[in-house]
Amino acid sequence: MPDYKGPLNLARVLKTLEEMLPEKAVLTTDAGNFATWVTRFMNFGDQQRLIGPCNGAMGYGVPAAIAAKLAFPDRPAIAFVGDGGFLMTGQEIATAFHHGVAPIVLVFNNQMYGTIRMHQERHYPGRVSGTSLTNPDFARLIEAFGGHGETVARTEDFAPAFERALASGRPAVIEIVMDPEQITSRTTIAELRAQAPKPRPAPAAVKRKPATRPPKHLRP
């Protein structure tokens with residue numbers, strides 16, 4: 001198990017979740033770097049299902065979890081979504097309240113569009129443009145709907161938070177506070193910058209001969 005820096009080790013959180021998942025849980029995932037943590041560190045039982053977008057489209061996770069809960073009311077539905085994906089379609093949680101179903105949404109909050117930021121740092125280190133996010137308090141947002149909200153910033157706080165969300169019987173959001181520096185499960189922003197190709201020197205200026213005037217008989 002990797003020993004990540006900081007108070008929250010996401011790999012351990014996901015292994016804890018694996019052990020706590022109900023036997024017939026349906027899990028949905030959004031697109032983004034955060035999703036690679038789920039597939040790397042979690043194993044799923046024969047009666048569990050993990051579904052997600054095949055084309056990298058953001059905004060799938062929350063609506064998919066609501067649809068799964070509507071289709072299979074007796075099966076727990078858990079969504080994995082980044083903060084960017086939740087800001088795109090998280091308001092669809094209203095549909096869950098409208099129809100009386102209770103999915104649990106895990107919001108992985110690293111305050112950025114992580115995949116795009118990764119490519120920015122990989123190819124143009126330090127040149128960040130349009131990938132930082134201004135987020136609400138996700139736990140209070142679901143509470144405004146009448147749901148159950150939790151914020152988890154330490155590894156040991158996840159298990160009791162998930163137990164409370166399951167027991168609440170209401171749509172729930174658990175915001176997981178990630179380390180923005182840990183851009184993927186295998187590398188950091190600092191490491192990406194160090195590995196980025198060095199900029200090529202500008203080409204030497206080409207000296208041009210001064211323009212010559214045409215002969216007098218050709219001038220207008």
Residue match in the stretch 81-91 (condition: touching a residue at least 12 places away in the same chain (Cβ under 8 Å) and over 25 Å from Thr155 (Cα atoms)): yes
Test: residue in the stretch 91-98 that is of a type in the set (S, T, N, Q) and over 16 Å from the mean Cα position of the chain (by Cα): yes
Where a residue in the stretch 170-190 is closer than 13 Å to Val13 by Cβ and its partner, wherever it lies, is outside any loop (DSSP other than H, G, I, E, B) and among the hydroxyl-bearing types (Ser, Thr, Tyr), with Cβ under 8 Å and at least six apart: Ile174/Thr151; Glu175/Thr151; Val177/Thr151; Ser185/Thr36
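On the basis of being under 18 Å from Arg186 (Cα atoms), among the hydrophobic types (A, V, I, L, M, F, W, C) and at pLDDT below 95, does Met42 make the cut? Give the derivation first.
On the way: under 18 Å from Arg186 (Cα atoms): yes; among the hydrophobic types (A, V, I, L, M, F, W, C): yes; at pLDDT below 95: no.
Considered against the rule, which asks whether it is under 18 Å from Arg186 (Cα atoms), among the hydrophobic types (A, V, I, L, M, F, W, C) and at pLDDT below 95, Met42 comes out as no.
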Any hit, the stretch 200-213, residues being modelled with pLDDT of 95 or more and of a type in the set (Lys, Arg): no
Residue ID - surrounded by the fewest Cβ atoms within 10 Å (Cβ to Cβ), chosen from residues in the stretch 160-189 that are in a loop (DSSP other than H, G, I, E, B) and of a type in the set (A, V, I, L, M): Ile183
Hey, Pro7 of a type outside the set (Ser, Thr, Tyr), over 15 Å from the mean Cα position of the chain (by Cα) and under 21 Å from Ala153 (Cα atoms) or not: yes
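The values are calculated or read from the model by the stated rules, or taken from the named source; none is laboratory data. All values derive from a computational prediction rather than experimental measurement. Here Cβ is always computed from backbone atoms with ideal geometry, including for glycine, and neighbour counts include all displayed protein chains.
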